[in-house]
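What follows is a set of notes on a single structure, which appears directly below.
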Amino acid sequence: PPPLAPRASRWGGVGGWDTMRGRPCSASETLVPDSNPPPPPLSDDLRDEALRVLQRGGVIAFPTDTVYGLAALLGAPGGEEELRRLKGRDERKPFTRFVRRLGQAARLLGRAPVVFDRLAKAFWPGPLTLVARTVEGDATLGFRIPDHPVALAVVDAAPAPLLVTSANRAGEPEATRARQVRDTFGREVGLVIEGACGPSERPSGVVFATDDGFRVVREGGVSEHLLRLAAAIRVLFVCTANVCRSPMAEQMFRRLVADRDAARVPAREDGFIPRGFFVSSAGSFARPGVPMSDKALFALEKLGYEPADHQSRSLNLQNLASWDYIFAMEKAQYESLKEHMPELGDRLRMFDPRRRDVPDPFGGDEVVYLECAHRIEALVKEALTWM
């Protein structure tokens, strides 16, 4: 199956704005955060005025994909203090940083945790604030890339990330219109940029992310199901036709992981959700839509596994890089994939770590299939000791 489907954007199709063609990007042109081209800019005069206010330590307001935001420039003299005064927020509660690229967040953290990186690539730009501890562990910082052309234009023009909060006094309702911002703050805000907010008109979701999992701090924007799917360790088994060896490994892996997780404490009291697994299989020469072979189903049932309604899938080289672990049943498959995609590195592995083939049982009797299933089960259990 493909990676997470790109999200449709109200503002720029899917993935942003194509400045070369002057139109929204299509689904096939989805951009990753570190290579997004700039959005349609504000007028030069409005952009320059926003920068002047920010650089002298003032606060501006602009629409986002959620609600109106108040922003100060990170590092501008007195900017954070003025933002804190307007918001009515004490020093213990930090502000979200709006960044243009995932790499900016990683630099400020020292290193982006694995799940932080995975969720950012899945849901940015969008209504999800990701929070993580710095490498030194002395601070907790939150980041977001908004999915709104005005907000992105301001962020792109700024010389540093923006400190942003919703445009309201602490404890009061969030503003979704420019006039609401003016009614609340009057001339205290140096510039209010006109524009419509996103369709949800509610604050972004907030997720605290580590290398091992995440915790939903505030719901909104992205469902927990999609967060789990994006954070999961992605495992792919590869054989030839995807009708016996790799689907048997897939079914065994899924059941054995479920048994292992059921034996553990289901959830921590603080709501922390550990990374799970997303497992699938494919064939290097598979004809799509073929059911699992009867003898493979027999072997699974003999070993106590409930066979799923499997249909063969052909190996898709275009999304192979989205998998964390790719297990090849045979050395020939491993070498072919390694030659065509050297960038996979150690994510591509022989299923048997001793680099021995798991022979194709095709043409053999039920005894041959059962022996193959026993070996696959042993190798799956061995892999789960270190995964």
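The values are calculated or read from the model by the stated rules, or taken from the named source; none is laboratory data. Remember, predicted model here, so these are calculated numbers, not experimental data. Note that each Cβ is placed from the backbone with ideal geometry, even for glycine, and that neighbours are counted across all protein chains shown.
From the list T176, T184, T165, exactly one residue is assigned to a loop (DSSP other than H, G, I, E, B), of a type in the set (S, T, Y) and buried (at least 17 other Cβ atoms within 10 Å of the Cβ). Which is it? Can you show your working first?
Details: T184 fails: assigned to a loop (DSSP other than H, G, I, E, B); T165 fails: assigned to a loop (DSSP other than H, G, I, E, B).
After ruling out the rest, the residue left standing is T176.
Applying the condition of being of a type outside the set (D, E) and in a helix (DSSP H, G or I) to the stretch 345-372 and asking which residue is farthest from L236 (Cα to Cα) yields V367. Looking at R100, R85, R92, R107, just one residue is assigned to a loop (DSSP other than H, G, I, E, B), farther than 18 Å from G220 by Cα and either aromatic (F, W, Y) or without any contact (Cβ under 8 Å) to a residue 40 or more places away in the chain (or both), and that residue is R92.
Restricting D294, D309 to those that are farther than 18 Å from L348 by Cβ and modelled with pLDDT of 95 or more reduces the list to D294.
So which residues in the stretch 315-359 are closer than 15 Å to L379 by Cα and in contact with a strand residue (DSSP E or B) (Cβ under 7 Å, 6 or more places away or on another chain), if there are any at all?
Y325, I326, F327, A328, M329, R349, M350, F351
Scoring G271 on the criteria (1) in contact with a helix residue (DSSP H, G or I) (Cβ under 8 Å, 6 or more places away or on another chain); (2) assigned to a loop (DSSP other than H, G, I, E, B); (3) surrounded by fewer than 19 Cβ atoms within 10 Å (Cβ to Cβ) leaves a single failure, condition (1). Candidates L128, L119: the one that is at pLDDT 95 or above, over 26 Å from R52 (Cα atoms) and in contact with a helix residue (DSSP H, G or I) (Cβ under 6 Å, 6 or more places away or on another chain) is L119.
Collect the residues in the stretch 279-313 that are of a type in the set (G, A, S) and either exposed (fewer than 15 other Cβ atoms within 10 Å of the Cβ) or in contact with a Leu (Cβ under 9 Å, 6 or more places away or on another chain) (or both), keeping them in residue-number order.
Residues satisfying the conditions are S280, S281, A282, G283, S284, A286, G289, A299, G304, A308.
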